[in-house]
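The values are calculated or read from the model by the stated rules, or taken from the named source; none is laboratory data. Computed from a predicted structure; not experimentally measured. Heads up, the Cβs are rebuilt from the backbone with ideal geometry, glycines too, and the neighbour counts pull from every protein chain shown. Protein only, heavy atoms only, side chains kept; ligands, DNA and RNA dropped before computing areas. Shrake-Rupley method; radii C 1.70, N 1.55, O 1.52, S 1.80 Å.
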Amino acid sequence: MTQKNKVDLLIIGAGPGGYVAAIRAAQLGMSVLCVEKRKTLGGTCLNIGCIPSKALLSSSHKYAEVKAQTPFADVGIEIGKLSLNLKQMMAAKEKVVTQLTKGIDFLFEKNKIIRKKGTARFLSAQEVAIEDEATTAEVWQARFILIATGSESTTLPGIKVDEKQIVSSTGALSLTKVPKKMVVVGGGYIGLEMGSVWQRLGSQVTVVEYMDRLVPQMDHELGAALQKALTKQGIHFQLSTKVTGITEKKDTVFVAIESADHKQDTLEADVVLMATGRKPFTEGLELEKIGVARNDKGFIVVNERYETSVSGIFAIGDVIPGPMLAHKAEEEGIAVVETLAGQKGHVNYDALPSVIYTHPEVASVGRSEEELKATEKAYKVGKFPFLANSRAKAVGETTGFVKVLADPLTDQVLGVHIIGADAGTLIGEAALALEFSASAEDIARTCHAHPTLNEALKEAALAVDGHAIHI
Ligand code: FAD
Ligand code: NAD
């Protein structure tokens, strides 16, 4: 029962961590209030992250395929004049965002979750003030408080993001014209996804990456294969290179770079995308006042129950350490409220997939070869190329491979790494295998429908013991 201005659980932030936790807590019988300072629910993910970027990745992919003509002409489809209506493409993206964020309003109403528009600030360990220009401030009390305030983009020292010429992912999702030249600083998730969008729409894109490889956190073979595929599409890469300064003169941005062997150069661009990572967002919460501890990088420190250094206050998602992924935030949201309800909430971080939605897509779950080598853990490798998969051949998507890593003694799957069309969907089966502690033989003996791309996973699992059928 909700007493006046008192609930069981008060959640700060309605991103995938906060809104999913709110729904699950309501299902478990708690009275729940969720505070969100944005007009719309869904957080970074729905408003300025996963969803708008995937909408643009999809429409720009369609445009690029038609522009290239080859995939169509090869199968007898001839296309006439092509033109780009960027305004309409952006409107279509916004429509998807609006539909999905409104969908969460509906879910909140259905689950009787109290939704407050405003910025939350701690008054004490059980009390939060909610402030918004449009309404008078309110004070709410709760038995438990969950911080799910997410993250924000970083930039480099001395470089100011104006979201016009020097943009973060947010600006890159809403450019009003296609830049002739775009420099992307950072060859991680955002740099490669948003770099792909604008390259497909006609920009000359150069990605400057500090490390000697792309997506350095993933299995190295994936980064190398992705670089090859994106280079073929026309993206230029400057690896082992750092940006030393950015200056603007009229409509041109000058990006000073220095390679690892100290060669200096300047790149010119109409737009520069800063994609050097994100940092936890806790501004304005006044955590110091109540003693919620953060680590040296600003992440809120939590124990295995996601409880902070202050009893009764919990935190999940991008604001705590770990990969900044929407599904990680969701799983943590569910785990924390199930634990509060007396159940055994748990997140299996060993089976947490990650996907880069370029074309081809890149997807991983479990340990990479580099991680296994670093811990001196023995492993067997089974690999299968999409070139030898009949469905990939039939649909003209033969780039990439599936790699299965398994324990040489027990055959247990340790990691699966995929680059190829629809890798993000294929990785689901691999995540399930890891979750169930499956062996490579378990995957290999599971009957897979024919002809499907998933058969490449079965074949890679068979290849672990050297008996793939189709190669
Ligand atoms: P957020 O989604 O950041 O939500 C936090 C919310 O808290 C925000 O809405 C904020 O307004 C609110 N808030 C903050 N402080 C207060 C306060 N004091 N009072 C009230 N409200 C407050 N991840 C994937 O898994 N897949 C993808 O494809 C993917 N694509 C991405 C693309 C881009 C361009 C970006 C930027 C990110 C992408 N991510 C993706 C990452 C994903 O968006 C985040 O991991 C996820 O949103 C984190 O969820 P969260 O709930 O922790 O925080
Ligand atoms: P990232 O950590 O993925 O990549 C940042 C890259 O920038 C790294 O490769 C790093 O080496 C490089 N870098 C850092 N400083 C540099 C410098 N001075 N010069 C050149 N390169 C530099 O971060 P991101 O791409 O900004 O994305 C932020 C987070 O958002 C990601 O970590 C991810 O968790 C999330 N995200 C996920 C998806 C997805 O799941 N598909 C998509 C977008 C964003």
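Couplings 3J(HN,Hα) for segment 327-339, derived from phi with the Karplus relation 6.51 cos²θ - 1.76 cosθ + 1.60 (θ = phi - 60°), are 5, 5, 4, 4, 4, 5, x, 5, 4, 5, 6, 5, 5 Hz, where x marks Gly and Pro. Taking a ≥ b ≥ c as the square roots of the eigenvalues of the Cα gyration tensor of the chain, is the shape rounded (a/c under 1.5), prolate (a/b larger than b/c) or oblate? The shape class here is oblate.
The mean accessible area for residues of segment 166-276, using a 1.4 Å probe and ignoring ligands and nucleic acids, is 44 Å² per residue.
The calculated FRET efficiency for the pair Thr154 and Arg305, based on their C-beta separation and a Förster distance of 25 Å, comes to about 0.30.
Were the residues from Lys232 through Lys180 laid out at 0.36 nm apart, the gain over their Cα-Cα distance would be 16.8 nm.
Accessible surface area normalised per residue over segment 351-463 is 42 Å², counting heavy atoms of protein chains with a 1.4 Å rolling probe.
From the alpha carbon centroid of segment 31-76 to that of segment 338-417 is 24 Å.
Name all residues of segment 91-124 having a backbone nitrogen under 18 Å from the label point set 7 Å from the Cα of Gln27 along its Cα→Cβ direction, giving them as ranges. 103-114, by backbone N distance to the label point. With the simple spin-label model, which puts each label point 7 Å out from Cα in the Cβ direction, the Glu376 to Thr70 separation comes to 4.7 nm. Here the accessible area is traced with a 1.4 Å probe on the protein chains. For the chain, carbon and sulfur cover 53 percent of it.
So what's the net charge close to Val292: Lys and Arg +1, Asp and Glu -1, counting the other residues with Cβ under 11 Å from its Cβ?
Summing Lys and Arg as +1 and Asp and Glu as -1 gives -1.
Computed from the C-beta positions of His450 and Lys242 and an R0 of 41 Å, the FRET efficiency is 0.25 to the nearest 0.05.
Which net charge results when you count Lys and Arg as +1 and Asp and Glu as -1 among the other residues whose beta-carbon is under 12 Å from that of Ala315? Residues near Ala315 contribute -1 overall. Peptides 215-221, 228-234, ordered by how many other C-beta atoms sit within 10 Å of their residues on average, highest first, read 215-221, 228-234. Shown in residue order for segment 123-132 are the 3J(HN,Hα) couplings computed by the Karplus curve 6.51 cos²θ - 1.76 cosθ + 1.60 at θ = phi - 60°: 9, 7, 5, 10, 9, 10, 9, 10, 10, 8 Hz (x for Gly and Pro). Subtracting the Cα-Cα distance of Glu258 and Glu441 from their residue separation scaled by 0.36 nm leaves 61.1 nm.
Between Lys4 and Lys164, full extension at 0.36 nm per residue minus the direct alpha carbon distance yields a gain of 53.0 nm. For trypsin sites (Lys or Arg not before Pro), the sites in segment 300-348 that DSSP calls loop and that have at most 12 other Cβ atoms within 10 Å are Arg305, Lys344. For the pair Asn85 and Asp212, label points projected 7 Å from Cα toward Cβ lie 5.0 nm apart.
Placing a pseudo-label 7 Å from each Cα along the Cα-to-Cβ vector at Lys297 and His61 gives an inter-label distance of 2.9 nm.
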